[in-house]
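Q: What follows is a single structure, and I will ask about it in a moment.
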Amino acid sequence: MKRHLVKCSRTMNERALYGAFAGACAFALVAIASTIGFAPSLAQVNGGDGQSAALVDQGRAVFRDDTFGDETFWGDSLKLHRAIEGAALGGVGAGVSPATALSVGLKVDVDRLPATLIEAIKAGKVDLNDPATTVALLRANAVVGVVGRFDPSGGKGLKSIGITCGLCHSNVDNSVAPGIGHRLDGWPNRDLNVGAIIDLAPDLSAVQGLLGADRPTVDKVLKSWGPGKFDAELFLDGKAFRPDGKSAATLIPAAYGLAGVNLHTYTGWGSVPYWNAFVAVLEMHGQGNFTDPRLDNAAQFPVAAKARFGHVRNTPDLVTSKLAALQAYQLSLPAPAAPPGAFDAAAAARGRVLFDGRAQCATCHQAPMFTEAGWDMHTGSEIGIDDFQADRAPDHAYRTTPLRGISASRMKGGFYHDGRFATLGDVVAHYDNTFKLGLTDAERRDLVEYLKSL
C-alpha cells in the first residue's frame, strides 16, 4: 500500500496519492406543490403528526450534537484537543484561538452563548486571540459541529474532542460577527477548511497507517483540499489527486432539500440513511455498524478492502438506532429561498422558458426537486466531463444534483462536484458547447439568473 500511495504521490506530486390516508394526503401535497413550483419538506408534509415531529426533534439533536463516539478517533488517536488547548493550557503548541478557528471556517452558534458574552463580543471586549476563549466556547457547546469532552469532576482541561454532522453541513447567518450567528442546518460550510483542521492534529499515525504514507505526504494531501472541500473516498481508494494534478477533494454538499431525492451525494453511493451510516462510521470514525460488500473490490477500493470497511462492527453500536431520526430531520430541511436582490426577476423569467425548453436543462433537472425521480445517474460522457470522480464510486456515474438553494448557500467554491466551474456562467457555457445549443450571450445570462432564483 505504501508503494501505491508513494506512486500516487509521485503522482501525488503529479497525479494521484473521496397509513393509507396519511400516505394519500402526503402524495396529494407533493402533487399540489409540484404545480406551484416547490418541493415540500418532510416537516411540511407531516406537520400535524406529533410522532413525526418528535422524530424530527430527535434527529435535530443527533445532527447537531451526536458524535457517535468518534472521540476515540479525533481525541484518543489524533489528539486534536491537545492542539486546540495549546501548551499554556496543558496541550501542545500555540493552541487554537477563536480567531484561528474562525479563519479555518469553524462557526459559533450564538443561541448557545449567554447574552452578556454576546454583547461583549459585539463590543470587542472578548479576546479572540486566546485559546482559553476557544475552550470556553467548547464548554458552552457553542462551536458548531465540535463537541468538547471535559473532566466531569470540574477540571478545566479538555479531555477529548468529537465532531458531529453539523461540522460540515451547518453554517451561521453572521448576525453577530463573521462566523458567529444563528445556525443554518443543512447549509454546506464552504468556508470550512477540513484538511487544515485535521492537519493541526499532533498525531496522524492512524491516518498514516491506513494510507501507508508518511506524515509529510499526509500533510501535503490535507493542505491541498482548501476551504469547503473534503475527500470522502480517500480512505477507500488512496487517490489524493486527479489525473490533472489537482486535489481529488469535492465540495461539501448541501444536506437540505433532499425530500424525494433518491441518492444523497454527487456520485450516488446510496440513499440518505445509507450515506449517513457511511459518513458516521467511515468518515467521522464513529462507533457503529456499517455493511457494504462493494467495498471488498480491492481493485477499486484497495484501502477499504484491506481494512474491511464494508464489514464494520462495533459494540455498542452508537449509530444505527439514530439513522431514522437523522433522516427525518434532514428531510425536514427545505432548500433556502434566494435572498432578496440575488437575481434579476425579468431575466429569470426568460431563463425559465429556456431552462424548460431549448436549453434542455429540465430533461434532467426536473421540477419541483430539480433532479430526476428514480435513478438520477449519468456517465461523464453524457454530461461532457471526465469519469475520474465517478469511477471512485460503485456505479461509475454522477448524480443529477438538485439545484434549489444555489444563490442562498452554494455560491462559494465553484460549481459541479469538484468546483471545476468558477461561475454559473461557466456551467451554462459548458452545456451550451457540449450539446451545441447555440445560445446567445443574452440567453446564457438569462439562464444564470433563473438558476440563481431557485
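Q: Need the failing condition index for Ala94 against (1) outside any helix (DSSP H, G or I); (2) small (Gly, Ala, Ser); (3) more than 22 Å from the chain's Cα centre (by Cα); (4) modelled with pLDDT under 95, just the number.
A: Result: Ala94 passes all but (4).
Q: Within the range 281-313, count every residue that is in contact with a helix residue (DSSP H, G or I) (Cβ under 6 Å, 6 or more places away or on another chain), part of a loop (DSSP other than H, G, I, E, B) and hydrophobic (A, V, I, L, M, F, W, C).
A: So the answer is 3.
Q: Can you find a residue in the range 264-275 that is more than 29 Å from Arg313 (Cβ to Cβ) and assigned to a loop (DSSP other than H, G, I, E, B)?
A: no
Q: State all residues of the range 119-177 that are in a helix (DSSP H, G or I), of a type in the set (Ser, Thr, Tyr) and within 17 Å of the chain's Cα centre (by Cα); if no residue qualifies, say none.
A: None - no residue of the range 119-177 is in a helix (DSSP H, G or I), of a type in the set (Ser, Thr, Tyr) and within 17 Å of the chain's Cα centre (by Cα), so the list stays empty.
Q: For the range 344-367, which positions are within 27 Å of the chain's Cα centre (by Cα) and either closer than 21 Å to Leu236 by Cα or surrounded by fewer than 18 Cβ atoms within 10 Å (Cβ to Cβ) (or both)?
A: Matches in the range 344-367: Ala362, Thr363, Cys364, Gln366.
For every residue, the table says whether it meets (1) closer than 27 Å to Gly405 by Cβ; (2) part of a loop (DSSP other than H, G, I, E, B).
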position	(1), (2)
Asp191	yes, yes
Gly195	yes, no
Asp203	no, yes
Ala213	no, yes
Asp219	no, no
Lys223	no, no
Pro227	yes, yes
Ala232	yes, yes
Ala254	yes, yes
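Q: Does the range 428-442 contain at least one residue that is under 19 Å from the mean Cα position of the chain (by Cα) and surrounded by 14 or more Cβ atoms within 10 Å (Cβ to Cβ)?
A: Scanning the range 428-442, I find no residue that is under 19 Å from the mean Cα position of the chain (by Cα) and surrounded by 14 or more Cβ atoms within 10 Å (Cβ to Cβ), so the answer is no.
Q: Could you tell me how many of the residues in the range 251-260 are in contact with an Asp or Glu (Cβ under 8 Å, 6 or more places away or on another chain) and either within 16 Å of Met377 (Cβ to Cβ) or surrounded by fewer than 24 Cβ atoms within 10 Å (Cβ to Cβ) (or both)? Can you show your working first?
A: Taking the range 251-260 first, the residues in contact with an Asp or Glu (Cβ under 8 Å, 6 or more places away or on another chain) are 251, 255-256.
Subset that is either within 16 Å of Met377 (Cβ to Cβ) or surrounded by fewer than 24 Cβ atoms within 10 Å (Cβ to Cβ) (or both): 251.
Number satisfying all stated conditions: 1.
Q: Output yes when any residue across the range 236-252 is in a helix (DSSP H, G or I), modelled with pLDDT of 95 or more and not hydrophobic (A, V, I, L, M, F, W, C), and no when none is.
A: yes
Q: A further question follows. Have a look at Pro402, Pro316 and point out the one that is in the same structural domain as Gly270 (by TED's automatic domain parsing) and either at negative phi or not in a loop (DSSP other than H, G, I, E, B) (or both).
A: Pro316
Q: Hey, does the range 362-369 have a residue that's within 30 Å of Thr291 (Cα to Cα) and not charged (D, E, K, R)?
A: Looking through the range 362-369, at least one residue is within 30 Å of Thr291 (Cα to Cα) and not charged (D, E, K, R).
Q: Spot the failing condition for Glu449; the list is (1) outside any helix (DSSP H, G or I); (2) surrounded by 18 or more Cβ atoms within 10 Å (Cβ to Cβ), and only one is missed.
A: (1)
Q: Same structure again: Could you tell me whether any residue of the range 240-251 is within 17 Å of Asn189 (Cβ to Cβ) and of a type outside the set (Gly, Ala, Ser)?
A: The answer is yes; a qualifying residue exists.
The values are calculated or read from the model by the stated rules, or taken from the named source; none is laboratory data. Computed from a predicted model, the values in this text were never measured in an experiment. Cβ atoms come from the backbone with ideal geometry, glycine included; neighbour counts cover every protein chain shown.
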